[in-house]
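One structure below.
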Amino acid sequence: MLVIRTQQVSALLQRPDEDDFQERLLQALAERYPEEVAALGPDQTQGLVHHAIATGLAHGLDGEVAIATLAMLMVQLGRGFERSPDRARALARLHHPTLPPSLKIQLVEQALTARTHGRVVVRATGRAS
């Protein structure tokens with residue numbers, strides 16, 4: 001598995017000619033969540049991607065898969081998982097100071113999907129996706 005260190009990702013994302021990861025992430029979100037991305041619009045989707053990357057890096061996530069998982073959860077549940085009844089548990093895991101990055105994102109995703117055995121529970125609409 002490819003692991004990119006925080007400093008490497010930061011340097012990569014700050015160079016305008018090297019935004020391949022951001023573009024791939026935007027494309028993946030649009031393909032996987034077309035309704036949600038359409039509702040957000042291009043500017044808000046771009047902002048969410050930047051927020052997901054910054055949040056991931058701030059909490060020690062250092063791989064593309066981990067940051068992409070975080071971004072996908074944010075598309076479904078809001079930037080701070082505010083549409084999830086399990087928000088507090090997920091944020092506690094994300095903010096945990098000593099968990100390894102790969103375990104941290106797994107535990108965040110698990111906290112948000114445990115009630116439905118793999119589907120994200122959305123409080124605002126009462127639907128599971």
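The numbers here are math on the coordinates, done by the rules we state, and not lab data. Remember, predicted model here, so these are calculated numbers, not experimental data. Here Cβ is always computed from backbone atoms with ideal geometry, including for glycine, and neighbour counts include all displayed protein chains.
Points to keep in mind about this one:
Condition check ((1) of a type in the set (Gly, Ala, Ser); (2) touching a residue at least 60 places away in the same chain (Cβ under 8 Å); (3) surrounded by fewer than 17 Cβ atoms within 10 Å (Cβ to Cβ)) across all residues:
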{"site": "THR55", "(1), (2), (3)": "no, no, no"}
{"site": "ARG87", "(1), (2), (3)": "no, no, no"}
{"site": "ALA92", "(1), (2), (3)": "yes, no, yes"}
{"site": "HIS96", "(1), (2), (3)": "no, no, yes"}
{"site": "ILE105", "(1), (2), (3)": "no, no, no"}
{"site": "VAL108", "(1), (2), (3)": "no, no, no"}
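- In segment 59-81 there is no residue matching the filter, namely being surrounded by fewer than 18 Cβ atoms within 10 Å (Cβ to Cβ), over 8 Å from the mean Cα position of the chain (by Cα) and over 22 Å from LEU26 (Cα atoms).
- Total residues in segment 54-69 satisfying the condition of being farther than 14 Å from TYR33 by Cβ and either hydroxyl-bearing (Ser, Thr, Tyr) or not in a loop (DSSP other than H, G, I, E, B) (or both): the figure is 9.
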